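*Asks:* Here's a structure for you.
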Amino acid sequence: MIIRKSPLYIFSPVIYLLLLTRASLDPILKMTDFGGISFGALLNLAVIVFFFGGLLQSKGSISASVLKLWAGFIVVGLISIVISSIPLTSFRSFVSVITYFAIFSLAYTFVRSREDFESIIKLIIYSSSIPFAVSIVQFVFPETSTTRDGFRLHGTFSHPNIYAFYLVLIAAVSFYSIKSNAVFFSKRFIRLCTALIPLSVVCLIATQTRSAWIAFFAIFFIYGLLYERKYVILVCCIGVLALFLPFVQERIADLASDSQITETGGEKLNSYAWRKVVWLSSWDFIQNKMWFGHGYDTFSHYFLDFFVLQESKGFDAHNAYVQVTFDMGFLGAFAFLVLLMGILTKYLRYFSLDPKGNSVFIGVIAAFLLVCYSDNMFFYLSYCWYLWLFLGSGCAFLELKMRKNNRVQEKKLSKEILIFD
């Protein structure tokens, strides 16, 4: 009944149900992968088809605001597919980026009122129900979520890192729902959001994803700096308390550890040191095709050509900026920064319309910019769907409030002119 009352469900039942369940589908999609073609690829295609098909059917158009933000990145990405030495792989991977664009655009097309925006917020929150239920099972039966690095909670996601960033987003959206003065939810929903924040923190710590810990800290720290100083103190206290947990100490100590000599005479680096060596090793290849890159998602394909290993397997950059520069050149990296900085600028420019809520959005964007330094954020598809949905709906709602505010100002000005006359 709640689902059917949602404005987004009325707008498109298929898209609503797809977004509602996407956070829970990784285990199922993993079993349907046959030779690179999976049900997940069909879901990606469905999002694109339903979005663009809906535009054609309604004779609508993509918002000019969206095109200004995304056009450069999409165009350079398409060029990188054409020049790629493995165009089929590049095309398949870039379809994910097209889905991010489609979901962001969908939010602009859909959000026409406060109720529309609130329905998206609820959708994101409700999508976490199954992942949290599975997490409880994994806490009770740790062997179901044990990796080669020991117990790392992954919920319904294919990797603990992806789940970790999703948890950060759920905590941020919950916090936004509680703090924003621009949205109005029932007391029952606010209680749910209040309960989800500490639950997200517990699960986040159990994922053992250091960059996601930093992202969580950054969001609440930035919110505290911009609006409520007490959250600066609170998040620092949480960080200090977390340091008393043994596995947190181990994960942090690993970053400070020196390189070790293995039994075969090789050198074993900690994860951060290893990544820096990889980034530096790729520099010559980046310079060879510095404008449009080697083709989208080709870093792992060329990896063994610039980084000698005894293995026959390539690795991704674990740095979105290095990855996009290698794949799409400096033009691609510039377009990516234009996209993110353009969104960030919107919230800074219209900060006064909702200081509390905009502080959360600014924190989310800043945290994403930060973790792009150490993670393959482009490839975390299920998390990125919810991130771009949140950012897109937020931008659309911000423009809606801006237009409403301008109309109010115009009416006031008209009345003042009449009184003066």
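The values are calculated or read from the model by the stated rules, or taken from the named source; none is laboratory data. Just so you know, these numbers come straight off a predicted model, no measurement behind them. In this analysis, Cβ positions are derived from the backbone assuming ideal geometry, glycine residues included, and neighbour counts consider all displayed protein chains. Accessible surface areas use protein heavy atoms only, side chains included; no ligands, DNA or RNA. Shrake-Rupley method; radii C 1.70, N 1.55, O 1.52, S 1.80 Å.
*Asks:* With the cut-off at 28 Å, tell me which of the pairs Lys5/Lys346; Lys68/Lys313; Lys179/Lys401; Lys187/Lys230 have Cα atoms farther apart than that.
*Replies:* Lys5/Lys346; Lys68/Lys313
*Asks:* If you average the alpha carbon positions of region 8-26 and of region 60-137, how far apart do those two centres end up, in angstrom?
*Replies:* A separation of 13 Å, based on Cα centres.
*Asks:* Over region 281-347, give the accessible area per residue in Å² for a 1.4 Å probe, as an integer.
*Replies:* 45 Å²
*Asks:* I would also like to ask the following. Would you mind working out the magnitude of the charge dipole of the chain relative to its Cα centre, with +1 at each Lys and Arg C-beta and -1 at each Asp and Glu C-beta, to the nearest 20 Debye?
*Replies:* It comes to approximately 1860 debye.
*Asks:* Here is a follow-up. In whole Hz and in residue order, list the ³J(HN,Hα) couplings for region 272-286 that follow from phi through the Karplus curve 6.51 cos²θ - 1.76 cosθ + 1.60, θ = phi - 60°; x for Gly and Pro.
*Replies:* After applying 6.51 cos²θ - 1.76 cosθ + 1.60, I find 6, 4, 5, 5, 4, 5, 4, 4, 5, 5, 7, 4, 4, 5, 4 Hz.
*Asks:* Follow-up question, since we're still on this one. Return the Rg/Rh ratio of the chain with Cα-based radii and a Kirkwood Rh.
*Replies:* 0.98
*Asks:* Using a 1.4 Å probe on the protein heavy atoms, what percent of the accessible area of region 189-348 belongs to carbon and sulfur?
*Replies:* So the carbon and sulfur contribution to the accessible surface is 67 percent.
*Asks:* Under a 10 Å cutoff between Cα atoms, tell me which one of Gly329, Gly150, Gly363 has the largest fluctuation in the Gaussian network model of the chain.
*Replies:* Comparing Gly329, Gly150, Gly363 in a Gaussian network model of the chain, the most mobile one is Gly150.
*Asks:* If you don't mind, another one. Could I have the simple spin-label model distance between Asn405 and Glu143, label points 7 Å from Cα toward Cβ, reported in nm to one decimal?
*Replies:* It works out to 5.7 nm between the two label points.
*Asks:* Does anyone have the angle between helix 246-256 and the longest principal axis of the chain? Alpha-carbon axes, 0 to 90°, nearest 10?
*Replies:* Helix 246-256 sits at roughly 70 degrees to that axis.
*Asks:* Order the peptides 205-211, 399-405, 126-132 from the highest to the lowest mean number of other Cβ atoms within 10 Å of their residues.
*Replies:* Result, highest mean first: 205-211, 126-132, 399-405.
*Asks:* Let me ask you something else. Taking θ as phi - 60°, what are the ³J(HN,Hα) couplings along region 324-338 by the Karplus curve (6.51, -1.76, 1.60), each to the nearest whole Hz, with x for Gly and Pro?
*Replies:* Whole-Hz 3J(HN,Hα) from phi for region 324-338: 6, 5, 5, 7, 10, x, 5, 5, x, 5, 5, 5, 5, 5, 4.
*Asks:* Between Asn288, Asn44, Asn161, find the one with the highest GNM mean-square fluctuation for the chain; connect C-alpha pairs within less than 10 Å.
*Replies:* Asn288
*Asks:* Summarise the accessible area of region 51-116 (1.4 Å probe, protein heavy atoms) by the percent that is carbon and sulfur.
*Replies:* Answer for region 51-116: carbon and sulfur cover 67 percent of the accessible area.
*Asks:* What value, in deg cm²/dmol to 500, does the helix sum -39500 (n - 2.57) over DSSP H runs of n ≥ 4 give at 222 nm once divided by the residues of the chain?
*Replies:* My calculation for the chain gives -24000 deg cm²/dmol from helical runs alone.
*Asks:* Short version: ³J(HN,Hα) in whole Hz for each residue of region 222-232, in order, from phi by Karplus 6.51 cos²θ - 1.76 cosθ + 1.60 (θ = phi - 60°), x for Gly and Pro, what are they?
*Replies:* 5, 4, x, 5, 7, 9, 10, 4, 4, 6, 5
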